[in-house]
Amino acid sequence: MIDVPPAPLRLKLEGLALIDNWQALKLRSGPAECGAAVKANGYGLGAQEVVHRLSAAGCTQFFVAHWGEVAPLLGIIPSSQIAVLNGYNTADGKFARECGALPVLNSPDQITAWVSGGGGPCHVMLDSGINRLGIGPDQMGEAMFDRLDIDILMSHLASADEDSPQNDAQQKRFEDMSSGIACRRRSLANSAGIMLGDAFHHGLTRPGLSLYGGIPRADMAEFIKPVAAIEAQVIQIRDLAAGEPVGYNATFETSTEMRVATIAMGYADGYLRSFSGKGSAYFGGVHLPVIGRVSMDLITLDVSAAPDLRAGDWVAMDYDLRNASQLSGLSQYELLTGLGARFSRIWT
Ligand SMILES: *Cc1c(COP(=O)(O)O)cnc(C)c1O
(Lines give C-alpha, C1' and ligand atoms only; values in the text may rest on other atoms or scores of the structure.)
Protein backbone atom coordinates (compact mmCIF):
# COMPACT_ATOMS: atom_id res chain seq x y z
CA MET A 1 0.00 0.00 0.00
CA ILE A 2 1.24 3.48 -0.88
CA ASP A 3 0.94 5.92 2.03
CA VAL A 4 -1.92 8.40 1.83
CA PRO A 5 -0.62 11.99 2.07
CA PRO A 6 -1.44 13.84 5.30
CA ALA A 7 -4.77 15.65 5.42
CA PRO A 8 -4.63 19.38 4.61
CA LEU A 9 -6.82 20.16 7.60
CA ARG A 10 -6.37 19.20 11.20
CA LEU A 11 -8.06 19.36 14.56
CA LYS A 12 -5.59 19.92 17.36
CA LEU A 13 -6.99 18.42 20.51
CA GLU A 14 -5.73 19.08 24.04
CA GLY A 15 -6.01 15.94 26.12
CA LEU A 16 -5.04 17.75 29.31
CA ALA A 17 -7.70 20.42 28.78
CA LEU A 18 -10.32 17.69 28.34
CA ILE A 19 -9.28 16.09 31.61
CA ASP A 20 -9.05 19.44 33.42
CA ASN A 21 -12.58 20.26 32.27
CA TRP A 22 -13.88 16.94 33.56
CA GLN A 23 -12.10 17.45 36.90
CA ALA A 24 -13.48 21.00 37.18
CA LEU A 25 -17.02 19.78 36.46
CA LYS A 26 -16.59 16.92 38.91
CA LEU A 27 -15.44 19.36 41.59
CA ARG A 28 -18.52 21.50 40.98
CA SER A 29 -20.75 18.42 41.14
CA GLY A 30 -20.05 18.20 44.88
CA PRO A 31 -20.33 14.68 46.26
CA ALA A 32 -22.01 13.43 43.07
CA GLU A 33 -20.14 11.26 40.59
CA CYS A 34 -19.37 12.92 37.27
CA GLY A 35 -20.01 11.01 34.05
CA ALA A 36 -19.46 12.04 30.44
CA ALA A 37 -21.73 12.36 27.42
CA VAL A 38 -19.68 11.02 24.50
CA LYS A 39 -22.47 10.66 21.94
CA ALA A 40 -21.99 11.85 18.36
CA ASN A 41 -18.39 10.67 18.31
CA GLY A 42 -17.48 12.53 21.49
CA TYR A 43 -19.16 15.71 20.18
CA GLY A 44 -17.09 15.44 17.01
CA LEU A 45 -13.70 15.14 18.70
CA GLY A 46 -13.43 11.34 18.55
CA ALA A 47 -15.23 9.14 21.07
CA GLN A 48 -12.50 6.56 21.44
CA GLU A 49 -9.81 9.10 22.27
CA VAL A 50 -12.14 10.97 24.63
CA VAL A 51 -13.28 7.86 26.48
CA HIS A 52 -9.76 6.51 26.76
CA ARG A 53 -8.61 9.76 28.41
CA LEU A 54 -11.57 10.32 30.70
CA SER A 55 -11.54 6.71 31.80
CA ALA A 56 -7.87 7.02 32.74
CA ALA A 57 -8.78 10.16 34.71
CA GLY A 58 -11.35 8.20 36.74
CA CYS A 59 -14.64 8.63 34.87
CA THR A 60 -16.75 5.47 35.05
CA GLN A 61 -20.04 6.41 33.37
CA PHE A 62 -20.43 7.26 29.69
CA PHE A 63 -23.49 8.16 27.60
CA VAL A 64 -24.04 7.53 23.89
CA ALA A 65 -27.24 7.98 21.90
CA HIS A 66 -27.28 4.93 19.59
CA TRP A 67 -26.37 1.26 19.94
CA GLY A 68 -24.04 1.73 16.96
CA GLU A 69 -21.94 4.05 19.12
CA VAL A 70 -21.26 1.28 21.65
CA ALA A 71 -19.11 -0.95 19.46
CA PRO A 72 -16.13 1.43 19.07
CA LEU A 73 -15.93 1.76 22.86
CA LEU A 74 -15.89 -1.96 23.68
CA GLY A 75 -12.44 -2.91 24.83
CA ILE A 76 -11.67 0.62 26.07
CA ILE A 77 -14.00 0.51 29.07
CA PRO A 78 -16.24 -2.12 30.67
CA SER A 79 -19.43 -2.19 28.59
CA SER A 80 -21.56 -1.79 31.72
CA GLN A 81 -20.21 1.78 31.97
CA ILE A 82 -21.96 2.70 28.70
CA ALA A 83 -25.54 3.98 28.76
CA VAL A 84 -27.53 4.15 25.50
CA LEU A 85 -29.82 7.17 25.70
CA ASN A 86 -32.17 6.22 22.88
CA GLY A 87 -33.24 3.15 24.82
CA TYR A 88 -34.27 -0.31 23.84
CA ASN A 89 -36.64 -1.60 21.23
CA THR A 90 -37.04 -5.21 20.17
CA ALA A 91 -35.52 -4.20 16.81
CA ASP A 92 -32.26 -3.41 18.62
CA GLY A 93 -32.04 -7.16 18.97
CA LYS A 94 -29.27 -9.42 20.06
CA PHE A 95 -26.53 -6.79 20.09
CA ALA A 96 -28.39 -4.59 22.57
CA ARG A 97 -29.05 -7.60 24.78
CA GLU A 98 -25.58 -9.03 24.65
CA CYS A 99 -23.05 -6.18 24.31
CA GLY A 100 -23.31 -5.38 28.00
CA ALA A 101 -24.15 -1.68 27.59
CA LEU A 102 -27.28 -0.59 29.46
CA PRO A 103 -30.31 0.96 27.77
CA VAL A 104 -31.93 4.12 29.10
CA LEU A 105 -35.56 3.03 28.99
CA ASN A 106 -37.69 5.95 27.84
CA SER A 107 -41.27 4.71 27.66
CA PRO A 108 -43.66 2.09 29.04
CA ASP A 109 -43.24 0.22 25.74
CA GLN A 110 -39.46 0.14 26.11
CA ILE A 111 -39.84 -1.15 29.66
CA THR A 112 -42.13 -3.92 28.43
CA ALA A 113 -39.76 -4.83 25.60
CA TRP A 114 -36.77 -4.91 27.96
CA VAL A 115 -38.51 -7.03 30.59
CA SER A 116 -39.96 -9.47 28.09
CA GLY A 117 -36.54 -9.78 26.43
CA GLY A 118 -35.08 -10.95 29.74
CA GLY A 119 -34.56 -7.72 31.69
CA GLY A 120 -31.34 -7.10 33.58
CA PRO A 121 -29.72 -3.89 34.81
CA CYS A 122 -30.93 -0.77 33.00
CA HIS A 123 -31.38 2.97 33.34
CA VAL A 124 -34.63 4.93 33.17
CA MET A 125 -35.37 8.42 31.81
CA LEU A 126 -38.22 10.39 33.36
CA ASP A 127 -39.56 13.40 31.46
CA SER A 128 -39.79 16.23 33.97
CA GLY A 129 -40.83 18.84 31.43
CA ILE A 130 -38.70 18.84 28.29
CA ASN A 131 -41.45 16.82 26.59
CA ARG A 132 -39.07 15.10 24.26
CA LEU A 133 -37.89 11.75 25.53
CA GLY A 134 -38.70 9.88 28.70
CA ILE A 135 -41.64 8.71 30.75
CA GLY A 136 -43.96 11.63 31.44
CA PRO A 137 -45.89 12.21 34.69
CA ASP A 138 -49.12 11.01 33.07
CA GLN A 139 -47.48 7.77 31.93
CA MET A 140 -46.30 6.68 35.36
CA GLY A 141 -48.03 3.49 36.44
CA GLU A 142 -48.19 1.91 39.88
CA ALA A 143 -46.07 -1.19 39.53
CA MET A 144 -44.35 -0.04 36.37
CA PHE A 145 -40.79 -0.07 37.70
CA ASP A 146 -41.09 -3.07 40.01
CA ARG A 147 -39.60 -5.57 37.61
CA LEU A 148 -36.67 -3.35 36.69
CA ASP A 149 -33.18 -3.36 38.11
CA ILE A 150 -32.51 0.38 37.77
CA ASP A 151 -29.02 1.79 38.02
CA ILE A 152 -29.46 5.46 36.97
CA LEU A 153 -32.86 7.09 37.29
CA MET A 154 -32.55 10.31 35.33
CA SER A 155 -34.23 13.29 33.78
CA HIS A 156 -32.98 15.99 31.43
CA LEU A 157 -33.12 19.78 31.79
CA ALA A 158 -34.48 21.90 28.93
CA SER A 159 -33.13 25.33 29.90
CA ALA A 160 -30.14 24.83 32.18
CA ASP A 161 -28.15 27.34 30.11
CA GLU A 162 -30.60 30.08 31.12
CA ASP A 163 -31.79 31.43 34.46
CA SER A 164 -35.26 30.12 33.76
CA PRO A 165 -37.96 29.17 36.27
CA GLN A 166 -38.23 25.95 34.24
CA ASN A 167 -35.07 24.70 35.99
CA ASP A 168 -36.53 24.70 39.49
CA ALA A 169 -39.82 23.39 38.14
CA GLN A 170 -38.05 20.43 36.52
CA GLN A 171 -35.94 19.82 39.61
CA LYS A 172 -39.02 19.66 41.82
CA ARG A 173 -40.94 17.51 39.40
CA PHE A 174 -38.00 15.12 39.13
CA GLU A 175 -37.94 14.82 42.95
CA ASP A 176 -41.66 14.04 42.94
CA MET A 177 -41.55 11.61 40.07
CA SER A 178 -38.47 9.74 41.27
CA SER A 179 -39.37 9.44 44.94
CA GLY A 180 -40.12 5.87 45.87
CA ILE A 181 -38.57 4.36 42.73
CA ALA A 182 -35.73 2.04 43.65
CA CYS A 183 -32.49 2.84 41.88
CA ARG A 184 -28.77 3.03 42.56
CA ARG A 185 -28.25 6.65 41.48
CA ARG A 186 -30.34 9.62 40.44
CA SER A 187 -29.12 12.10 37.82
CA LEU A 188 -30.43 15.39 36.46
CA ALA A 189 -27.67 17.82 35.47
CA ASN A 190 -25.97 18.27 32.11
CA SER A 191 -23.00 20.69 31.81
CA ALA A 192 -25.00 23.84 32.52
CA GLY A 193 -27.14 22.07 35.12
CA ILE A 194 -24.07 21.49 37.29
CA MET A 195 -23.97 25.27 37.90
CA LEU A 196 -27.55 25.40 39.20
CA GLY A 197 -26.64 24.23 42.69
CA ASP A 198 -26.62 21.23 45.00
CA ALA A 199 -30.27 20.35 44.43
CA PHE A 200 -29.44 19.51 40.83
CA HIS A 201 -26.50 17.20 41.48
CA HIS A 202 -28.09 14.08 42.96
CA GLY A 203 -25.81 11.04 42.66
CA LEU A 204 -24.37 11.63 39.18
CA THR A 205 -23.93 14.51 36.74
CA ARG A 206 -23.77 14.11 32.95
CA PRO A 207 -21.76 16.87 31.29
CA GLY A 208 -21.07 16.79 27.56
CA LEU A 209 -20.51 20.17 25.92
CA SER A 210 -18.28 21.68 28.61
CA LEU A 211 -15.92 18.71 28.62
CA TYR A 212 -15.10 19.74 25.07
CA GLY A 213 -14.63 23.44 25.82
CA GLY A 214 -18.24 24.59 25.38
CA ILE A 215 -19.40 27.41 27.66
CA PRO A 216 -23.20 27.28 27.96
CA ARG A 217 -23.30 29.74 30.89
CA ALA A 218 -21.11 32.83 31.35
CA ASP A 219 -20.11 31.66 34.84
CA MET A 220 -18.34 28.65 33.31
CA ALA A 221 -15.89 30.74 31.28
CA GLU A 222 -13.51 31.08 34.21
CA PHE A 223 -12.79 27.37 34.51
CA ILE A 224 -13.58 25.67 31.19
CA LYS A 225 -10.63 25.41 28.82
CA PRO A 226 -10.75 25.16 25.03
CA VAL A 227 -10.02 21.64 23.78
CA ALA A 228 -10.28 21.81 19.97
CA ALA A 229 -8.47 24.11 17.55
CA ILE A 230 -8.80 24.02 13.77
CA GLU A 231 -6.02 24.51 11.25
CA ALA A 232 -6.12 24.29 7.47
CA GLN A 233 -3.49 24.45 4.78
CA VAL A 234 -3.21 27.13 2.12
CA ILE A 235 -3.54 25.63 -1.37
CA GLN A 236 -2.96 28.75 -3.44
CA ILE A 237 -2.49 32.50 -3.19
CA ARG A 238 -3.55 34.99 -5.86
CA ASP A 239 -3.09 38.74 -6.21
CA LEU A 240 -6.32 40.23 -7.47
CA ALA A 241 -6.98 43.67 -8.93
CA ALA A 242 -9.77 45.90 -7.63
CA GLY A 243 -13.22 44.98 -8.87
CA GLU A 244 -12.72 41.19 -9.03
CA PRO A 245 -15.41 38.83 -7.72
CA VAL A 246 -14.43 36.00 -5.35
CA GLY A 247 -16.22 32.68 -4.96
CA TYR A 248 -19.66 31.33 -5.82
CA ASN A 249 -22.26 33.85 -6.92
CA ALA A 250 -19.72 36.66 -6.64
CA THR A 251 -21.01 37.65 -3.20
CA PHE A 252 -17.69 39.41 -2.57
CA GLU A 253 -15.91 41.87 -4.84
CA THR A 254 -12.47 43.33 -4.16
CA SER A 255 -12.64 47.06 -3.58
CA THR A 256 -8.86 47.46 -3.85
CA GLU A 257 -5.98 45.19 -4.87
CA MET A 258 -6.10 42.18 -2.62
CA ARG A 259 -4.09 39.04 -1.85
CA VAL A 260 -6.45 36.12 -1.58
CA ALA A 261 -5.58 32.69 -0.18
CA THR A 262 -7.64 29.57 -0.73
CA ILE A 263 -7.55 27.01 2.08
CA ALA A 264 -8.43 23.32 2.08
CA MET A 265 -11.54 23.30 4.24
CA GLY A 266 -15.20 23.94 3.59
CA TYR A 267 -18.73 23.30 4.67
CA ALA A 268 -18.32 19.57 4.13
CA ASP A 269 -15.93 19.73 7.09
CA GLY A 270 -18.46 21.47 9.30
CA TYR A 271 -17.32 25.03 8.68
CA LEU A 272 -20.72 26.05 7.40
CA ARG A 273 -21.78 28.70 4.95
CA SER A 274 -23.02 30.85 7.83
CA PHE A 275 -19.37 31.87 8.33
CA SER A 276 -19.27 33.39 4.82
CA GLY A 277 -18.01 36.96 5.12
CA LYS A 278 -17.98 36.61 8.94
CA GLY A 279 -15.39 34.08 10.02
CA SER A 280 -11.67 34.58 10.15
CA ALA A 281 -8.32 32.84 10.35
CA TYR A 282 -5.00 33.79 11.91
CA PHE A 283 -1.46 33.42 10.63
CA GLY A 284 1.17 34.30 13.22
CA GLY A 285 -1.28 36.57 15.00
CA VAL A 286 -2.38 38.36 11.81
CA HIS A 287 -6.13 38.45 11.32
CA LEU A 288 -7.33 37.09 7.94
CA PRO A 289 -11.04 37.63 7.18
CA VAL A 290 -13.09 35.00 5.35
CA ILE A 291 -14.32 36.61 2.12
CA GLY A 292 -17.00 35.39 -0.25
CA ARG A 293 -18.91 32.19 0.18
CA VAL A 294 -17.65 29.15 2.06
CA SER A 295 -17.61 26.33 -0.54
CA MET A 296 -17.80 22.61 0.06
CA ASP A 297 -14.04 22.08 0.19
CA LEU A 298 -12.60 25.58 0.03
CA ILE A 299 -12.58 28.90 1.87
CA THR A 300 -11.12 32.17 0.56
CA LEU A 301 -9.32 34.57 2.89
CA ASP A 302 -8.17 38.15 2.49
CA VAL A 303 -4.47 37.72 3.29
CA SER A 304 -3.29 41.16 2.23
CA ALA A 305 -2.03 41.67 5.80
CA ALA A 306 0.18 38.58 5.65
CA PRO A 307 2.65 39.08 2.80
CA ASP A 308 4.81 36.19 4.07
CA LEU A 309 2.04 33.62 3.76
CA ARG A 310 2.80 30.90 1.20
CA ALA A 311 0.98 27.93 -0.30
CA GLY A 312 1.55 25.01 2.07
CA ASP A 313 1.43 27.18 5.21
CA TRP A 314 -1.15 26.41 7.88
CA VAL A 315 -3.61 28.99 9.14
CA ALA A 316 -5.57 28.70 12.41
CA MET A 317 -9.30 29.32 12.17
CA ASP A 318 -10.92 31.52 14.80
CA TYR A 319 -13.02 28.82 16.46
CA ASP A 320 -13.53 30.25 19.92
CA LEU A 321 -16.85 28.51 20.52
CA ARG A 322 -18.77 31.41 22.04
CA ASN A 323 -17.52 33.92 19.50
CA ALA A 324 -17.96 31.55 16.55
CA SER A 325 -21.46 30.72 17.76
CA GLN A 326 -22.42 34.37 17.90
CA LEU A 327 -20.95 35.09 14.45
CA SER A 328 -22.44 32.10 12.68
CA GLY A 329 -25.76 31.71 14.46
CA LEU A 330 -24.84 28.07 15.10
CA SER A 331 -24.90 26.64 18.61
CA GLN A 332 -21.66 25.58 20.30
CA TYR A 333 -23.02 22.03 20.07
CA GLU A 334 -23.40 22.31 16.30
CA LEU A 335 -19.94 23.84 15.95
CA LEU A 336 -18.39 20.77 17.61
CA THR A 337 -20.57 17.89 16.43
CA GLY A 338 -20.46 19.08 12.82
CA LEU A 339 -16.67 18.74 12.58
CA GLY A 340 -16.17 16.34 9.70
CA ALA A 341 -14.32 13.14 8.97
CA ARG A 342 -11.65 14.72 6.75
CA PHE A 343 -9.78 16.36 9.64
CA SER A 344 -6.80 14.54 11.00
CA ARG A 345 -7.44 14.57 14.73
CA ILE A 346 -4.20 15.19 16.56
CA TRP A 347 -4.18 14.73 20.34
CA THR A 348 -1.49 16.15 22.53
C1 LIG B 1 -26.44 15.21 25.55
C2 LIG B 1 -26.95 14.92 26.88
C3 LIG B 1 -26.25 15.34 28.02
C4 LIG B 1 -25.07 16.27 27.96
O5 LIG B 1 -25.56 17.58 27.78
P6 LIG B 1 -24.60 18.85 27.63
O7 LIG B 1 -25.53 19.99 27.51
O8 LIG B 1 -23.82 18.62 26.37
O9 LIG B 1 -23.74 18.90 28.82
C10 LIG B 1 -26.71 14.91 29.26
N11 LIG B 1 -27.82 14.14 29.36
C12 LIG B 1 -28.53 13.75 28.28
C13 LIG B 1 -29.74 12.92 28.47
C14 LIG B 1 -28.14 14.14 27.02
O15 LIG B 1 -28.86 13.78 25.96
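The values are calculated or read from the model by the stated rules, or taken from the named source; none is laboratory data. Note that the structure is a prediction, hence the values are computed from the model and not measured. Cβ atoms come from the backbone with ideal geometry, glycine included; neighbour counts cover every protein chain shown. These accessible areas exclude ligands, DNA and RNA; they are computed on the full protein's heavy atoms, side chains included. Shrake-Rupley method; radii C 1.70, N 1.55, O 1.52, S 1.80 Å.
Could you tell me whether region 207-216 includes any residue that is within 16 Å of the ligand (Cβ to nearest atom) and either more than 22 Å from the chain's Cα centre (by Cα) or among the charged types (D, E, K, R) (or both)?
no
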Screening ILE215, ILE224 for residues that are touching a residue at least 12 places away in the same chain (Cβ under 8 Å), part of a loop (DSSP other than H, G, I, E, B), in contact with a helix residue (DSSP H, G or I) (Cβ under 8 Å, 6 or more places away or on another chain) and within 30 Å of ILE291 (Cβ to Cβ) leaves only ILE215
How many of the residues in region 69-84 are open to solvent by 10 Å² or more (accessible area, probe 1.4 Å), of a type outside the set (S, T, N, Q) and within 16 Å of the ligand (Cβ to nearest atom)?
1
Under the condition of being more than 10 Å from the ligand (Cβ to nearest atom) and farther than 23 Å from HIS123 by Cα, which residue from region 147-167 is least open to solvent (accessible area, probe 1.4 Å)?
SER164
Taking region 240-267, which residues are of a type in the set (Val, Ile, Thr) and in a loop (DSSP other than H, G, I, E, B)?
THR251, THR254, THR256
Which residue, of MET144, MET140, is open to solvent by 40 Å² or more (accessible area, probe 1.4 Å), at negative phi and either within 15 Å of the ligand (Cβ to nearest atom) or at pLDDT below 95 (or both)?
MET140
Residue pairs meeting the criteria (Cβ under 7 Å; at least 6 apart or on separate chains; first of a type in the set (Lys, Arg), in region 264-285; second assigned to a helix (DSSP H, G or I)):
ARG273/TYR267; LYS278/LEU327; LYS278/SER328
Picking from ALA24, ALA32, ALA57, which residue would you name as being in contact with a strand residue (DSSP E or B) (Cβ under 6 Å, 6 or more places away or on another chain) and open to solvent by less than 40 Å² (accessible area, probe 1.4 Å)?
ALA32
ILE237 being touching a residue at least 24 places away in the same chain (Cβ under 8 Å), surrounded by 21 or more Cβ atoms within 10 Å (Cβ to Cβ) and either away from the ligand (no atom under 14 Å from the Cβ) or assigned to a loop (DSSP other than H, G, I, E, B) (or both):
no
